[in-house]
1. Residue by residue through the range 112-140, note down the ones that are open to solvent by 20 Å² or more (accessible area, probe 1.4 Å) and either within 16 Å of residue 23 (Cα to Cα) or in contact (Cβ under 8 Å) with a residue 60 or more places away in the chain (or both).
2. Taking into account only those residues within the range 156-167 that are within 25 Å of residue 45 (Cα to Cα) and over 16 Å from the mean Cα position of the chain (by Cα), which is surrounded by the most Cβ atoms within 10 Å (Cβ to Cβ)?
3. For the subset of the range 141-155 comprising residues that are open to solvent by 60 Å² or more (accessible area, probe 1.4 Å) and modelled with pLDDT of 95 or more, which member is farthest from the chain's Cα centre (by Cα)?
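The values are calculated or read from the model by the stated rules, or taken from the named source; none is laboratory data. The model shown is predicted, which means the values in this text are computed figures rather than measured ones. Here the Cβ is made from the backbone with ideal geometry for all residues, glycine too, and neighbour counts use every protein chain on show. Please note that ligands, DNA and RNA were not included when accessible areas were found on the heavy atoms of the full protein model with its side chains. Shrake-Rupley method; radii C 1.70, N 1.55, O 1.52, S 1.80 Å.
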Amino acid sequence: MHRTPLLDEDQVLAALGRMVDELAGRVPPDAPLALIGIQRRGVPLADWLAHAWASRRGVRPPTGSLDITLYRDDLLAIGPRPVVGETRLPPSGIDDRVVVLVDDVLYTGRTVRAALDELIDFGRPRRILLAVLVDRGGRELPIQPDVVGVRVEVPPEARIEVRVPEIDGSWGVDRVEPASQPA
């Protein structure tokens, strides 16, 4: 595997700061807001955005997490005993709130489709926005983010890996490509 750093800690934090500013421009000051992270790395990103939102608007929106495992369209392909993580929504619920779904990387759109299916099972938000740290293109479904930290172009065989301190010990974004094959 060949790993190429794309964003260091300062660049990730700057991108997240821009995302909060863009969200503030899209969400009316009096609108009830909730930030819901898609497991795994979307959850700490949602928490960071909520903290930054509180410093700008004076009130911290509730946060939550979605584990989309049972909503995946490839559930049968991942085996008979999928590992299911925690889904935790704000105690106040999501009905009539502006809900921001937060994820680390947007690629095909299938994860977001599954998250939307699950979220709607829990209530009826006033509006749903999608915020992603990295949009790498390559959509298979007609899903587009409302707020993007950075856009990068990578070939289909490459991966984008986001690091967050809560899981990985540091902030960062890397491009990971398979090692080249000898001719």
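1. Once the filter is applied, which keeps residues that are open to solvent by 20 Å² or more (accessible area, probe 1.4 Å) and either within 16 Å of residue 23 (Cα to Cα) or in contact (Cβ under 8 Å) with a residue 60 or more places away in the chain (or both), the range 112-140 yields 126, 127, 128.
2. Let us first name the residues in the range 156-167 that are within 25 Å of residue 45 (Cα to Cα), namely 156, 158-167.
After this cut, where a residue has to be over 16 Å from the mean Cα position of the chain (by Cα) as well, the list is 156, 158.
Details: 156: 10, 158: 15.
Filtering first and then ranking leaves 158.
3. Looking at the filtered set, the residue picked out is 142.
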